Structure formats: structure tokens, C-alpha cells
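Participant: Below you will find the structure I want to go over with you.
Bear in mind these aren't lab numbers, they're just calculated from the coordinates by the rules spelled out. What you are looking at is a predicted structure, and each value in this text was computed from that prediction instead of being measured. Reconstructed Cβ throughout: ideal geometry from the backbone, glycine too, with neighbour counts over all protein chains shown.
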Amino acid sequence: MMKTRIQSFIAKHGNKDLMSDKNTKPWALYHQSRPDKIENIQRYYPIVYLPWGALEYHSYHNPVGLDSIKAYNLCIDLAKACGGLVLPPIYQAANLIKSYPGVDFKKHSIEFSESLILQTCVEYFHQLIDAGFKVIVCLSGHAGEPHLNILRQVSQDFALLYPSHRFWTLAEFDILPIHMLEANHSALGETSLQLFYDPESVDLSLLPQDRPTSLIEDGISGLDPRHANAGLGSEIAHLFITNASKIINILLDEAMSKNPS
Ligand SMILES: [Zn+2]
């Protein structure tokens, strides 16, 4: 099953795997880099990736940091494909399952206010512009509302304030066909991505064996995660990188033409 999916991906997209280390563009983890390395990368790839995560209950079978782990790893793969620097994930989110109406999952979530999310995002964007970045990509692993819309709005507001820069806030499902991935909470899509990026952190045997999963009973929203597998996670991640990198390359070209060095 897994091999078939990966083979069909290669058949569709060719052998040039954007996530393979052979095709890697200049990139680094920002917090692990000295100034000379940062400036060398920024000269031609002034892109920064801000993985926005959460600490949130993700049912029995997934770690509470899933949104952060997912966004961080997807940002690293994006940086390999497009160049640039990856920030550490932000473990700060509003609108978690802890406060979702009609369900009772109060434990294992660290929840913040919407006003703090807005302030943190605005301050990060200002600081990243000050630090010399021309393209800011904010990938939100958490899709709660209005949390995600707050981050989207900051990108839109900054685009008006800084017309020579480029800003893009997205969730991974924004640029994937709905049959492959839709917004979900700890369901088939998120669990498959977690199995792809960090398989030892997932335990599918903790899911109910004798009935389908549900939001009320299990804190799971979306397709049944009992069918999750790393092959599907790989397929989702590869198509995400393929689609996102096309957009980021355009944003980089636009920013470089407006900021000639
Ligand atoms: Zn999640």
C-alpha cells in the first residue's frame, strides 16, 4: 500500500523529489545558525518560515504537540525545496478543543487568548522584517477559529503596510484537494502526517477497536484515524510541498525584484 502510493507520486511528479536532500536549496534552522550563515542564505533566499503550532489534546493516540510537530516539519521540507530559514515552532494557540462548545476535553491543552495570538503574530512579523526577511510564510498547524483567521488577517494587513515584502499565512489543507486532506482534528489526515514525521509518537492501538471514532467520544473530528498510515502522510506532505513551493518561488521573485541588492 505504502509503496504503491509513493510510486504513484513519482509517476505523477517525476523523479525530482522536492523533499529529497539532493535537490536542497540553501536553508537552515534560524535558532541554530550563526550570523554569517543567516546572511549568506538571506542574500538570495530572504524567506523565513514561521511554524505556528499548539499544545492541544489530540485524542489518545497522538501527542499534544501534533500541530507544532506537523507545521515545523512541513516548514523544514519547504525550506529545503525553496531555500530560507526556519524558526522554532510557536507553541501558542487559541480556540482549542478545551473550550470547544458541546465537548468535554479539559485536560492536556494549554490555551491562550485571541488577543495574545494577534499581538504575538504582529510582533513576530515586525521583528522578522527588521531582521532582514522579505518573504514571511506562516504555516498554522492549528485550524481553530478565529485563531487561523487572526494569523491570515495579519498577513493581509502587513501586505498593505509593506508592499515590497510578501506575506503568506496558510494551513496545510488550503492548497490540497479535499479528497486528500480537509481540516481535521487528530483524524485520518493529521494522524497520517504524524506517522510520517514522527511514527514513534503515535499509538493507533489506543483508539477504540469496535466502533468508529467521533468528536464527542474521542475528540476526533474528521475521517476515521484507524486507517492512518505513513504512506498517506508522505503523499500529503509531498503534494503540499509541490504546491506550496510554486507559490513561494513566485513570492520570492516578486520580493527580490522589489528589493534589488
Ligand atoms: Zn491538530
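Participant: Limited to segment 112-126, what total is found for residues that are part of a loop (DSSP other than H, G, I, E, B) and surrounded by 17 or more Cβ atoms within 10 Å (Cβ to Cβ)?
Facilitator: 1
Participant: Ok, one more. Quick check: anything in segment 158-169 under 14 Å from the mean Cα position of the chain (by Cα) and among the polar types (S, T, N, Q)?
Facilitator: Within segment 158-169, one or more residues are under 14 Å from the mean Cα position of the chain (by Cα) and among the polar types (S, T, N, Q).
Participant: Please identify the pairs in which a residue from segment 76-102 that is at negative phi has its Cβ atom under 6 Å from the Cβ atom of a residue that is surrounded by fewer than 20 Cβ atoms within 10 Å (Cβ to Cβ) and acidic (D, E), counting only partners at least 6 apart or on another chain.
Facilitator: From residues that are at negative phi, the pairs are A94/E114; L96/E111; K98/E111.
This table checks each residue for (1) within 22 Å of G84 (Cβ to Cβ); (2) crowded, with 22+ Cβ neighbours inside 10 Å; (3) touching a Gly at 6+ places or on another chain (Cβ under 6 Å).
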site: Y162; (1), (2), (3): yes, no, no
site: R166; (1), (2), (3): yes, yes, no
site: I175; (1), (2), (3): yes, no, no
site: A187; (1), (2), (3): no, yes, yes
site: L195; (1), (2), (3): no, yes, yes
site: D198; (1), (2), (3): no, no, no
site: L206; (1), (2), (3): no, no, no
site: S221; (1), (2), (3): no, no, no
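Participant: Further question on the same structure: Which number in (1) in a helix (DSSP H, G or I); (2) within 16 Å of D67 (Cα to Cα) marks the one condition that I129 misses?
Facilitator: (2)
Participant: Among (1) crowded, with 16+ Cβ neighbours inside 10 Å; (2) more than 15 Å from the ligand (Cβ to nearest atom); (3) more than 18 Å from the chain's Cα centre (by Cα); (4) of a type in the set (S, T, N, Q), there is one condition S109 misses while meeting the rest; what is its number?
Facilitator: All conditions pass for S109, except number (2).
Participant: A follow-up question, please. Identify all residues within segment 194-217 that are closer than 30 Å to L78 by Cα, of a type in the set (A, V, I, L, M, F, W, C) and either assigned to a loop (DSSP other than H, G, I, E, B) or more than 18 Å from the chain's Cα centre (by Cα) (or both); write none if there are none.
Facilitator: Residues of segment 194-217 closer than 30 Å to L78 by Cα: 194-204.
Keeping just the survivors that are of a type in the set (A, V, I, L, M, F, W, C) gives 195-196, 202, 204.
Answer for segment 194-217, where residues must be closer than 30 Å to L78 by Cα, of a type in the set (A, V, I, L, M, F, W, C) and either assigned to a loop (DSSP other than H, G, I, E, B) or more than 18 Å from the chain's Cα centre (by Cα) (or both): V202, L204.
Participant: If only one of A183, A228, A143 is of a type in the set (A, V, I, L, M, F, W, C) and surrounded by fewer than 20 Cβ atoms within 10 Å (Cβ to Cβ), which one is it?
Facilitator: Numbers: A228 fails: surrounded by fewer than 20 Cβ atoms within 10 Å (Cβ to Cβ); A143 fails: surrounded by fewer than 20 Cβ atoms within 10 Å (Cβ to Cβ).
The unique qualifying residue is A183.
Participant: Right, next: Give me a count of the residues in segment 168-193 that are assigned to a helix (DSSP H, G or I) and within 14 Å of the ligand (Cβ to nearest atom).
Facilitator: Number satisfying all stated conditions: 8.
Participant: Would you pick out the residues in segment 139-167 that are more than 13 Å from the ligand (Cβ to nearest atom), in a loop (DSSP other than H, G, I, E, B), touching a residue at least 60 places away in the same chain (Cβ under 8 Å) and not polar (S, T, N, Q)?
Facilitator: P163, H165
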